[in-house]
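Scroll down for the structure; my scribbles are underneath it.
The values are calculated or read from the model by the stated rules, or taken from the named source; none is laboratory data. Model, not experiment: these values are computed from the prediction. Virtual Cβ from ideal backbone geometry, glycine too; neighbours counted across all protein chains shown.
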């Protein structure tokens, strides 16, 4: 007989037992447990709260330091804004307003010389981290930008970064800050984040 022609004889039907209700529930539970981790995304920890202080000027050529000139003050504000934007862009930190401690900040300034006072002020603001930094003037065209992230509770340095700025323009200062954040401060996730 040709394989394409059907046989007219009835074939015996094989019947499989239907699973009991208990088996069906158990199978569904096992599938839910196995599929659960695949279907549910892990919850991300809330970002740490950070007190981001203004970037300051250090001119080692002047004994006792000096106040920033208007053009330097504008650039310091520019890099401080770049720092805030870069740290909050990837949800790395939640910025805490430092204005309520403006008097204490002014009293302790410059923060890069006060031996951990930035962490103490950050802690009083309810922040987990203190972020501060300074630009050190080497010459009219060469500057060093330093940024430090410290644990507010202990004062321990969590991350730090430094870069040399080789031109005195807004673009080079802003680019330097973005580079420090990307390649030094956030090259790896901050502690307690993954």
Filter result (more than 30 Å from residue 70 (Cα to Cα) and surrounded by fewer than 15 Cβ atoms within 10 Å (Cβ to Cβ)) within the range 142-192: 153, 154, 156, 157, 187, 188, 189, 191, 192
Condition met for residue 45 (within 33 Å of the chain's Cα centre (by Cα), over 24 Å from residue 117 (Cα atoms) and either modelled with pLDDT of 55 or more or surrounded by 10 or more Cβ atoms within 10 Å (Cβ to Cβ) (or both)): yes
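Considering only the range 165-193, state which residues are farther than 18 Å from residue 85 by Cα and in contact (Cβ under 8 Å) with a residue 24 or more places away in the chain. Steps first, answer last, please.
Applying the first criterion (farther than 18 Å from residue 85 by Cα) to the range 165-193 yields 165-169, 191-193.
Hits for the range 165-193 are 165, 166, 167, 168, 191, 192, 193.
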Residues satisfying the stated conditions in the range 88-126, i.e. more than 28 Å from residue 64 (Cα to Cα), assigned to a loop (DSSP other than H, G, I, E, B) and touching a helix residue (DSSP H, G or I) at 6+ places or on another chain (Cβ under 7 Å): 125
Condition broken by residue 133, with the remaining ones in (1) modelled with pLDDT under 95; (2) not in a helix (DSSP H, G or I) satisfied: (1)
Filtered residue count, the range 70-98, keeping only those that are over 22 Å from residue 163 (Cα atoms), more than 11 Å from the chain's Cα centre (by Cα) and exposed (fewer than 13 other Cβ atoms within 10 Å of the Cβ): 2
